[in-house]
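Quick one: structure below, then a few questions.
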Amino acid sequence: MIQSIRGFRDILPGEVERWQHIEATASTLLQSFGFREIRIPVLEKTELFCRSIGEQTDIVEKEMYTFPDRKGDMLTLRPEATASVVRAYIQHKLFAANPVQKLYTIGPMFRRERPQKGRYRQFYQINAEVFGVSSPLMDAQIIFMLATLLGRLGIRDCTVHLNSLGCPACRPGFKAALAGLLTRHTGELCEDCRRRAERNPLRVLDCKVPGCRQALADAPSMVDHLCDACKEHFASVQNHLETLGVPYILDNRLVRGLDYYTRTTFEIQTGLLGAQSAVTGGGRYDGLVQALGGPEIPGIGFAIGLDRLVELHALVQEVSGVHPKVFFCALGNAAQRMASEWICRLAAEGIEAEMDLSDKSLKNQMKQADRSLAPLVVMIGENELAEGQAVIRDMASREQHKAPIAGLLDVLRNTGK
């Protein structure tokens, strides 16, 4: 028996309805805030992620699914969506008519991480990106929108964590102060952090190893090194969040895992899933469009871990499965042909109906009807065809009555309205 690849999984009927509910809720809210959907390929040139995410990040160094195609070009299954959306924004010159664009996408990402509860090698994200807006009010709007989404899904035990990573003008001073601390604590750092300390010291703050976190307990705060413009921007974000009634925690350890972030960075975390606390996160990336060959246009965005969001949603809310409105129990060829025609007519009008086509007895067909959870069952056989009357049973009350076959579809259309 061939099974799925480790870290990849099937999302089965009974589960997928919850995914559809969350995706529909998110799409409706995003569109209310002016976002439009974009669909991007799962396969990109490897260079795109090396240049955007950063060659010294764990994603590029360890986690990407990268391979040469038949011509030797290096290709990668997308590990995140922002770089691909930026590439599309530049390639199709979406900035030409109007540099301000609000785009969102929902789909799978791929990283070769160690599979564990809630983490998969093919995972799903809801991503949204705003281009052409540098105002801190947009930063606050996006965080408010995410808090609103979680509220609509009934997920309450969440906290906004907020930080600023500054800009190229003010970050060197912070990096120098951090590098000095790392030099003093080199022996207490894990192997990965010792390597990061030389190449990209900011990444050390993102380490989850307890020894590293303890060694960096007195790490400098980026907020203390912000230039005047970044201070003003960050203060405005905080003020607007307070106006919108969104509580937050200042978190100077929050750096996210990607090199392209500048200024505002944020996560929404929960204690409902143990150590895997981040549900969504993002931030500003004002230099990314230009770094990938486009004009100097600011950007900000976020990603929601859909797998984790589904887990959270399952803890707080039931989602009803899809079931047919009517199940036909048909005995004999003539009755089956008629029931099959009725199913097609109803389905064309958006009314789901089912039947059994395996010539089972009425008793066995009724068992299947019961399992389908259809509220109505229509029974028809030779006697009913001769009389011109079908039998309709209400499965909740177990009451049944006859209805003329000639007008049966109208009866079924109107029942339960």
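What tally of residues in segment 401-417 results from selecting those that are surrounded by 14 or more Cβ atoms within 10 Å (Cβ to Cβ) and either charged (D, E, K, R) or closer than 25 Å to K367 by Cβ (or both)?
The total comes to 7.
On to the next question. Do any helices (runs of 4 or more DSSP H) entirely within segment 115-219 hold 1 or more residues that are more than 27 Å from the chain's Cα centre (by Cα), and if so, which?
Filter on segment 115-219 gives 171-184, 191-199, 210-215.
Okay, next question. Name every residue in segment 310-352 that is closer than 30 Å to Y124 by Cβ and among the aromatic types (F, W, Y), in order of residue number.
None - no residue of segment 310-352 is closer than 30 Å to Y124 by Cβ and among the aromatic types (F, W, Y), so the list stays empty.
OK, next. Grab the helices (runs of 4 or more DSSP H) fully contained in segment 241-360, keeping just those with 3 or more residues being under 30 Å from R9 (Cβ atoms) and either in the same structural domain as I143 (by TED's automatic domain parsing) or of a type in the set (S, T, Y) (or both).
Fully inside segment 241-360 and qualifying: 306-316.
Would it be correct to say that Q290 is without any contact (Cβ under 8 Å) to a residue 12 or more places away in the chain, closer than 28 Å to P172 by Cα and out of contact with any Pro (no Cβ under 7 Å at 6 or more places or on another chain)?
Yes: the conditions hold for Q290.
The values are calculated or read from the model by the stated rules, or taken from the named source; none is laboratory data. In this text, all values refer to a predicted model and were calculated from it rather than measured experimentally. Because the Cβ atoms are built from the backbone with ideal geometry, glycine has one as well, and the counts that use them run over all protein chains shown.
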